[in-house]
1. How many residues does the stretch 69-88 hold that are in contact (Cβ under 8 Å) with a residue 12 or more places away in the chain, of a type outside the set (Asp, Glu) and surrounded by fewer than 18 Cβ atoms within 10 Å (Cβ to Cβ)?
2. Among the residues in the stretch 22-44, are any among the aromatic types (Phe, Trp, Tyr), under 24 Å from THR260 (Cα atoms) and surrounded by 20 or more Cβ atoms within 10 Å (Cβ to Cβ)?
3. Kindly list, by first and then second residue, each pair from a residue in the stretch 243-265 that is surrounded by fewer than 21 Cβ atoms within 10 Å (Cβ to Cβ) to a residue that is among the β-branched types (Val, Ile, Thr), limited to pairs with Cβ atoms under 6 Å and residues at least 6 apart or on different chains.
4. Looking for something within 20 Å of SER41 (Cβ to Cβ), assigned to a loop (DSSP other than H, G, I, E, B) and of a type outside the set (Ser, Thr, Tyr) - is there at least one such residue anywhere in the stretch 105-122?
5. Residue under question is PHE178, and the condition is that it be closer than 24 Å to LYS97 by Cβ and within 21 Å of the chain's Cα centre (by Cα); does it hold?
6. Would it be correct to say that VAL16 is in the same structural domain as LEU240 (by TED's automatic domain parsing), at negative phi and at pLDDT 95 or above?
7. Could you check the stretch 187-305 for strands (runs of 3 or more DSSP E) lying wholly inside it with 2 or more residues that are at pLDDT 95 or above?
8. Restricting to the stretch 56-93, what's the tally of residues that are among the small types (Gly, Ala, Ser) and within 22 Å of ASP156 (Cα to Cα)?
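The values are calculated or read from the model by the stated rules, or taken from the named source; none is laboratory data. Fair warning: this is a prediction, and the values are worked out from it, not measured in the lab. Cβ coordinates were reconstructed from backbone atoms using ideal geometry, including for glycine residues, and neighbour counts include every protein chain displayed.
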Amino acid sequence: MGPMNLMSMSTSDLNVFLDSFDHVFSDCDGVIWAKKPLPGSGEFFERMQQLGKTVHFVSNNSMRTRQNYENLFAAANISEGFEKLTIPSTAIAEYLKAINFSKTVFCVTCPETMNVLQSYGFTCKYGPEVGLDLYTNYNKYLEDDTEVGAVVFDSDFNVNLPKMYQAITYLARPDVLFISGATDRHVPLIPGRVLLGTGIFTDIVSEEANRKPTQLAKPGKLFGEFAMKRAGVTDPSRVLFIGDMIEQDIGLGKATGFKTLLVLTNNTYEDMKAHKSLKPDFYADSLGSLVPVLNKVCLNGNYDG
């Protein structure tokens, strides 16, 4: 059976749907907001809480500061959103902390990820931001640094050849950890156009170093399990995961065992149907489009879960 359209469900089917989960985990960018909140997104989560569901958030975007996230959640009328948010930078820092990592981290990351790692007490190495003019001088980036014990990739939009050379050099030592945050190969920058993301560079280094990274971002199962642990959730089958990207969001949901809902804010119905391997369990135009549907339940008292 293909994905079910929540907007056309009967009241009885909607009640069955609502009874099938206790927790909502939602992506943020493209689901709750674009440059500003998407209409009805905050009201959707309010309805979910009225129906007795817990609400949490999971994003691949480590680039935003805490203040920026808090401002966006506030604009969407979502309280304590940041406190309920799991992002790769936090997962990476917690993972390194859990294994008592004590060496230097080579960061091919956005500044905020490095800030988070440093706030956990880790020593970070990064750069250079600009390479040398002569390619023949690039051998300086092939010098090993035995203090480096981990290479972390996470949304570095200033990635360049020198950084990749250094990463490959460090990863030649089997004891050096290889960790990836966001692996998005494509990002929706403007409506109707999906452009290259930074995940392609992680893939290049992975291939050249012949190493597979520990994936602490969507769609990695370990990241989904980390989000569950932070939320105090133990049964993945009782989680509804909401996202707008098929590979990252639906991929995470399927890998972790969540029920999945795709909102068609950055994909068309045809895109969803055409994907060869990943199909959401449910779909809707947007969170806002579901508010009138949920109002029937909330206001009429049909749901008894």
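1. Counting residues in the stretch 69-88 that are in contact (Cβ under 8 Å) with a residue 12 or more places away in the chain, of a type outside the set (Asp, Glu) and surrounded by fewer than 18 Cβ atoms within 10 Å (Cβ to Cβ) gives 2.
2. Yes, some residue in the stretch 22-44 is among the aromatic types (Phe, Trp, Tyr), under 24 Å from THR260 (Cα atoms) and surrounded by 20 or more Cβ atoms within 10 Å (Cβ to Cβ).
3. none
4. no
5. Judged against the criteria, PHE178 is a match.
6. In short, no.
7. 239-243, 259-263, 282-284
8. Looking only at that region, the number is 5.
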